[in-house]
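Colleague: Sending over a structure as structure tokens; questions will come in a sec.
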Amino acid sequence: MKKKIRVLVGKPGLDGHDRGAKVVAAALRDAGIEVIYTGLHQTSESIVEAAIQEDVDVIGLSILSGAHMTLFPRIIELLKEKNAEDILVIGGGIIPEEDIEKLYKMGVKKIFTPGTPTGTIIEFIKKVIK
Amino acid sequence: MKNLQKLLNADKITIARTITAVENSTDTKILEEIFSHTGNAYHIGITGPPGSGKSTLVNAIAKKLLKDDRKIGIIAVDPTSPFSGGALLGDRIRMNDLALHENVFIRSMATRGSLGGLAKKTKDVALVLDAAGMDFILIETVGVGQVELDIAEVCDTTVVALVPESGDSIQAMKTGLLEVADIVIINKSDREGSDILMMELKFAFDLRDKKIEWNYPILKTIATENVGIQELVSEIKSHRKYLIKSRQFEEKRKNNFSKKIHELIEENVRFHLKKNIISQSELNLLLEKTYQRKSNPYKIATEIYQKLLNGGKFDN
Ligand SMILES: Nc1nc2c(ncn2[C@@H]2O[C@H](COP(=O)(O)OP(=O)(O)O)[C@@H](O)[C@H]2O)c(=O)[nH]1
Ligand SMILES: [Mg+2]
């Protein structure tokens, strides 16, 4: 039996728009992926705990609040603390070019900027998870 | 299993990865190994139509049970999309209060479309949580089809959640949902129509077997405001006492083991039959003969069965 890809889609932090996250979640489902959607206003701790319990392959974060430089590193740190650093972290949101480079250095696997077709995200996930 | 001790100590990563292993495989090795450590967990099923508030109820019930310092496992099952094979599992949205609780483990499961396979997988996942020392396992499923009724079979107490919206009670009766209910709740009873639904349900339950000593409580709840949850938890506890006292608890579990054993034997036989006894092409020939009325299904079945008993050799 082929293992199903499981992805957690979450929105850490305080901003209140989850339309983008929902669109991505639905697109992933339509691509045959099992998506765990945790909803708005999640703490980094609760996202990591959910990712562990759900044994996802990927955490996909939508961050529009501008807090990406604190939220991403925190989540990566927590994953390490819990021995779950094999879970990949990707993200989307309005994130400046120079920050993207920094985030990659910290261990974020991929950042998708607004306007990225959902097909590109799906392709990426299917390629890295095998 | 190399991490058995960690699983028994309820290490969360180990629980999660063991569930994945069990979910993705037909191998029974892990289940065999953990079985002697199971049997403690009490299984509560929460089922009902989509949107009736099941996840919100699970959250509220779990919070009550946690007050007694209990360990709680939650399995939330949602349908797999029949078109893509993917699924959107959103039950955790209503369970955020529990996300970080030391004594709670929540797992979302997709139905993955296999007929009858879901109930089996859910039982297997529950077994892992049982081995990890959960005192209660809450299983949320959408109550629409046969599969959910099968899951009810493994639950010690099944709670059916309906809402006052019109038509729910009739639909629930049609699909057999009420038959599996040990407790029925009218959730969202802050909405209009809960009294009418209560009357309809009482009427439906009046027709049930009067000899049974369980009174099938019907309760009103407002899950979002914690109204009626204490009563619900008390009824669940009473039901547990009733099951144990009437020996049904033991009987039901033995029945489930019996089913499991037969299920596994049948699975193995079916596999062996296809692989070693009769190939598809051989079968096709026989089907052709049958179609031309030169043979018949009864004779063929007897011969194949004989071949099975003879270790793969036909009699003549
Ligand atoms: N008014 C009202 N809304 C409720 C109640 N219980 C749940 N809800 C809401 O109903 C919606 C569906 O709830 P959910 O628990 O996800 O239902 P499920 O699909 O059965 O798991 C959510 O928006 C809940 O907040 C209730 O008792 N009263
Ligand atoms: Mg739900």
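The values are calculated or read from the model by the stated rules, or taken from the named source; none is laboratory data. Since the model is a prediction, treat every value here as computed from it, not as a measurement. Neighbour counts run over all protein chains shown; Cβ positions are idealised from the backbone, glycine included. Just the protein is used for accessible areas: all its heavy atoms, side chains included, with ligands, DNA and RNA removed. Shrake-Rupley method; radii C 1.70, N 1.55, O 1.52, S 1.80 Å.
Colleague: Can you tell me how many residues in the range A:31-60 are within 10 Å of chain B (Cβ to nearest Cβ) and farther than 20 Å from B:ALA76 by Cα?
Modeller: Residues flagged as within 10 Å of chain B (Cβ to nearest Cβ) and farther than 20 Å from B:ALA76 by Cα within the range A:31-60 amount to 4.
Colleague: Here is a list: A:GLU85, A:GLU54, A:GLU81. Which entry is farther than 15 Å from A:PRO12 by Cβ and open to solvent by less than 10 Å² (accessible area, probe 1.4 Å)?
Modeller: A:GLU54
Colleague: Still on this structure, I have one more. Within the range A:28-48, track down each residue that is touching a residue at least 24 places away in the same chain (Cβ under 8 Å) and among the acidic types (Asp, Glu).
Modeller: So the first thing to find is which residues in the range A:28-48 are touching a residue at least 24 places away in the same chain (Cβ under 8 Å), and the list is A:28, A:31-45, A:47-48.
Matches in the range A:28-48: A:GLU34, A:GLU45.
Colleague: Taking the range B:91-134 only, how many residues are within 11 Å of another protein chain (Cβ to nearest Cβ), free of Cβ contacts under 8 Å to residues at least 40 places away in the same chain and part of a helix (DSSP H, G or I)?
Modeller: Count: 7.
Colleague: Let me ask something else. For residues that are open to solvent by 60 Å² or more (accessible area, probe 1.4 Å) and either in contact with a strand residue (DSSP E or B) (Cβ under 7 Å, 6 or more places away or on another chain) or among the hydroxyl-bearing types (Ser, Thr, Tyr) (or both), tally how many sit in the range B:1-55.
Modeller: Counting residues in the range B:1-55 that are open to solvent by 60 Å² or more (accessible area, probe 1.4 Å) and either in contact with a strand residue (DSSP E or B) (Cβ under 7 Å, 6 or more places away or on another chain) or among the hydroxyl-bearing types (Ser, Thr, Tyr) (or both) gives 3.
Colleague: Can you list the helices (runs of 4 or more DSSP H) found entirely within the range A:1-99 that contain at least 1 residues being over 23 Å from B:MET95 (Cα atoms)?
Modeller: Hits in the range A:1-99: A:19-30, A:68-81.
Colleague: Shifting gears a bit: When you check B:VAL77 against the structure, is it buried (at least 19 other Cβ atoms within 10 Å of the Cβ), away from ligand 2 (no atom under 16 Å from the Cβ) and more than 8 Å from chain A (Cβ to nearest Cβ), yes or no?
Modeller: no
Colleague: To continue, here is another question. Quick check on the range B:135-170: of everything there that is of a type in the set (A, V, I, L, M, F, W, C) and in a loop (DSSP other than H, G, I, E, B), which residue is modelled with the lowest pLDDT? Let's see the steps before the verdict.
Modeller: Going residue by residue through the range B:135-170, those that are of a type in the set (A, V, I, L, M, F, W, C) are B:136-139, B:142, B:144, B:147, B:149, B:151-152, B:154-155, B:159-163, B:170.
With in a loop (DSSP other than H, G, I, E, B) added as a condition, the list becomes B:144, B:155, B:163.
Values: B:VAL144: 66, B:CYS155: 92, B:VAL163: 93.
In this case the residue turns out to be B:VAL144.
Colleague: Going by the conditions given, is B:ASN187 away from every other protein chain (no Cβ under 14 Å) and within 15 Å of ligand 1 (Cβ to nearest atom)?
Modeller: When the stated conditions are applied, B:ASN187 passes them.
Colleague: Being within 16 Å of ligand 1 (Cβ to nearest atom) and either outside the structural domain of B:ARG240 (by TED's automatic domain parsing) or not charged (D, E, K, R) (or both) narrows it down to one residue among B:GLY45, B:GLY73; which is it?
Modeller: B:GLY45
Colleague: Taking interchain pairs and intrachain pairs at least six residues apart, which have beta carbon atoms under 6 angstrom, with the first residue in the range B:51-72 and within 14 Å of chain A (Cβ to nearest Cβ) and in contact (Cβ under 8 Å) with a residue 12 or more places away in the chain and the second open to solvent by 40 Å² or more (accessible area, probe 1.4 Å) and within 10 Å of ligand 2 (Cβ to nearest atom)?
Modeller: B:SER55/B:ARG94; B:THR56/B:ARG94; B:ASN59/B:ARG94
Colleague: Given the structure, is B:THR47 part of a helix (DSSP H, G or I) and β-branched (Val, Ile, Thr)? Give the steps one after another, and end with the answer.
Modeller: On the way: part of a helix (DSSP H, G or I): no; β-branched (Val, Ile, Thr): yes.
No; evaluated as a whole, the condition is false for this residue.
Colleague: Residues in the range B:211-233: is at least one more than 23 Å from B:LEU57 (Cα to Cα), part of a helix (DSSP H, G or I) and over 24 Å from the mean Cα position of the chain (by Cα)?
Modeller: No; the residues of the range B:211-233 include none that is more than 23 Å from B:LEU57 (Cα to Cα), part of a helix (DSSP H, G or I) and over 24 Å from the mean Cα position of the chain (by Cα).
Colleague: Can we say A:ARG19 is farther than 27 Å from A:GLU97 by Cβ and either buried (at least 23 other Cβ atoms within 10 Å of the Cβ) or more than 7 Å from chain B (Cβ to nearest Cβ) (or both)?
Modeller: Details: farther than 27 Å from A:GLU97 by Cβ: no; either buried (at least 23 other Cβ atoms within 10 Å of the Cβ) or more than 7 Å from chain B (Cβ to nearest Cβ) (or both): yes.
No.
Colleague: Could I ask something else about it? Given (1) closer than 25 Å to B:ILE183 by Cα; (2) among the hydroxyl-bearing types (Ser, Thr, Tyr); (3) more than 13 Å from ligand 2 (Cβ to nearest atom); (4) in a loop (DSSP other than H, G, I, E, B), identify the lone condition not met by B:SER52.
Modeller: (3)
Colleague: So, one more: Pick from B:SER25, B:SER55: which is of a type outside the set (A, V, I, L, M, F, W, C), within 16 Å of ligand 1 (Cβ to nearest atom) and either more than 15 Å from the chain's Cα centre (by Cα) or farther than 30 Å from B:ARG191 by Cα (or both)? If you could, list the steps in order and put the result at the bottom.
Modeller: Working: B:SER25 fails: within 16 Å of ligand 1 (Cβ to nearest atom).
After applying the criteria, what remains is B:SER55.
Colleague: Applying the selection to the range B:91-130, what residues are small (Gly, Ala, Ser) and either modelled with pLDDT of 95 or more or more than 15 Å from A:ALA51 (Cα to Cα) (or both)?
Modeller: Within the range B:91-130, the first condition is being small (Gly, Ala, Ser), and the residues that meet it are B:99, B:108, B:110, B:113-114, B:116-117, B:119, B:126.
Selection gives B:SER108, B:ALA110, B:GLY113, B:SER114, B:GLY116, B:GLY117, B:ALA119, B:ALA126.
Colleague: May I pose another question? Kindly indicate whether B:LEU88 is loosely packed, with under 15 Cβ neighbours inside 10 Å and within 12 Å of chain A (Cβ to nearest Cβ).
Modeller: In short, no.
Colleague: Scanning the range B:56-74 for residues that are under 27 Å from B:ASN9 (Cβ atoms) and open to solvent by less than 20 Å² (accessible area, probe 1.4 Å), which turns out nearest to ligand 2 (Cβ to nearest atom)?
Modeller: B:VAL58
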